[in-house]
1. Among residues belonging to region 244-279 that are surrounded by 13 or more Cβ atoms within 10 Å (Cβ to Cβ) and over 23 Å from the mean Cα position of the chain (by Cα), point out the one that is nearest to residue 133 (Cα to Cα).
2. Just checking, does region 287-296 include any residue being over 17 Å from residue 133 (Cβ atoms) and either surrounded by 13 or more Cβ atoms within 10 Å (Cβ to Cβ) or touching a residue at least 60 places away in the same chain (Cβ under 8 Å) (or both)?
3. Restrict the check to region 206-221 and report whether at least one residue is touching a helix residue (DSSP H, G or I) at 6+ places or on another chain (Cβ under 7 Å), assigned to a helix (DSSP H, G or I) and either crowded, with 23+ Cβ neighbours inside 10 Å or outside the structural domain of residue 155 (by TED's automatic domain parsing) (or both).
4. Could we say that residue 31 is surrounded by fewer than 21 Cβ atoms within 10 Å (Cβ to Cβ), in contact with a helix residue (DSSP H, G or I) (Cβ under 8 Å, 6 or more places away or on another chain) and in a helix (DSSP H, G or I) here?
5. Does residue 20 satisfy the criteria of being surrounded by fewer than 16 Cβ atoms within 10 Å (Cβ to Cβ) and either in contact with a strand residue (DSSP E or B) (Cβ under 6 Å, 6 or more places away or on another chain) or more than 21 Å from residue 332 (Cβ to Cβ) (or both)?
6. Among the residues in region 132-145, are any in contact with a strand residue (DSSP E or B) (Cβ under 7 Å, 6 or more places away or on another chain), crowded, with 21+ Cβ neighbours inside 10 Å, farther than 21 Å from residue 44 by Cα and at pLDDT 95 or above?
7. Looking only at region 297-329, filter to residues that are touching a strand residue (DSSP E or B) at 6+ places or on another chain (Cβ under 6 Å) and within 18 Å of residue 133 (Cα to Cα); which one of those is surrounded by the most Cβ atoms within 10 Å (Cβ to Cβ)?
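The values are calculated or read from the model by the stated rules, or taken from the named source; none is laboratory data. The model shown is predicted, which means the values in this text are computed figures rather than measured ones. Here the Cβ positions follow ideal geometry from the backbone for every residue, glycine too, while neighbour counts run over all protein chains shown.
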């Protein structure tokens, strides 16, 4: 069977919009060129960035493939690919989008060999989220640094990234204060290593953070929620604290005047994205190696609470947008 004849169910969008724009079709797949490989997915990760691309918040040329992470087996490699071989178990979080499929040809640079002890579902659920937690906790730090015992605030602590961050922060000796939208989600964050959890639907989370920290505030806020939490996040930072924004689940943050940062304590503000950190092969591998190590030795466990068939991707998106999920979600081709 020639590569172009291989079955390849894949999801695309031909217009930006709601989950209804997600279409399943059979996409042709060919041989990898120089620096590329062809992977057959065993599992695919689902992330909020997929929603942003679907809605057009992160616009792109149409028609458009979606999906930023996956795990599976290398079927073919192109010229110049030396770090992987046919038959290798691999996983990735990488551009360009296109993991919502059975097979794809893609750049090999950011694809990493997967240790035997890590299952495909786990890998697909952890690459983008785990590498996000890694670059935030390990590479996006306040000017005064982070030391064991320091308080940090993490919004959406019961989500896929949040539950990884709760565990990793505990392993680093940090006191992570998590926010979540229900008592059940708060309990989940606590069970995964959060030192404190605040139900933002029932409590004044700004007042609670101040109370927990004895009025001192936190050194850093990690915020993927966006518009709804931004102003309060600035209010709970200690002087010289860092506001690290990395998502827009409630909508994009409105413009902020630099003078506001001065008035609130000479604060630092950064808008981070994973793919700036995954800038080259060596950095990608080093970050992945650290993630693989904390998962392999049990310091971080990857919780998968939702599994969907690729054909049911619209339902998966609806659940994610409704904040009806906990932990990670995976798609199976």
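1. 267
2. First pass over region 287-296, keeping only residues over 17 Å from residue 133 (Cβ atoms): none.
Scanning region 287-296 turns up no residue that is over 17 Å from residue 133 (Cβ atoms) and either surrounded by 13 or more Cβ atoms within 10 Å (Cβ to Cβ) or touching a residue at least 60 places away in the same chain (Cβ under 8 Å) (or both).
3. no
4. Details: surrounded by fewer than 21 Cβ atoms within 10 Å (Cβ to Cβ): yes; in contact with a helix residue (DSSP H, G or I) (Cβ under 8 Å, 6 or more places away or on another chain): yes; in a helix (DSSP H, G or I): no.
Considered against the rule, which asks whether it is surrounded by fewer than 21 Cβ atoms within 10 Å (Cβ to Cβ), in contact with a helix residue (DSSP H, G or I) (Cβ under 8 Å, 6 or more places away or on another chain) and in a helix (DSSP H, G or I), residue 31 comes out as no.
5. In short, yes.
6. Looking through region 132-145, at least one residue is in contact with a strand residue (DSSP E or B) (Cβ under 7 Å, 6 or more places away or on another chain), crowded, with 21+ Cβ neighbours inside 10 Å, farther than 21 Å from residue 44 by Cα and at pLDDT 95 or above.
7. Applying the filter and picking the extreme gives 328.
Residue-by-condition table, conditions (1) farther than 30 Å from residue 90 by Cα; (2) in contact with a strand residue (DSSP E or B) (Cβ under 7 Å, 6 or more places away or on another chain):
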{"residue": "109", "(1), (2)": "no, no"}
{"residue": "113", "(1), (2)": "no, yes"}
{"residue": "127", "(1), (2)": "no, yes"}
{"residue": "152", "(1), (2)": "yes, yes"}
{"residue": "160", "(1), (2)": "no, yes"}
{"residue": "174", "(1), (2)": "yes, yes"}
{"residue": "178", "(1), (2)": "yes, yes"}
{"residue": "202", "(1), (2)": "yes, no"}
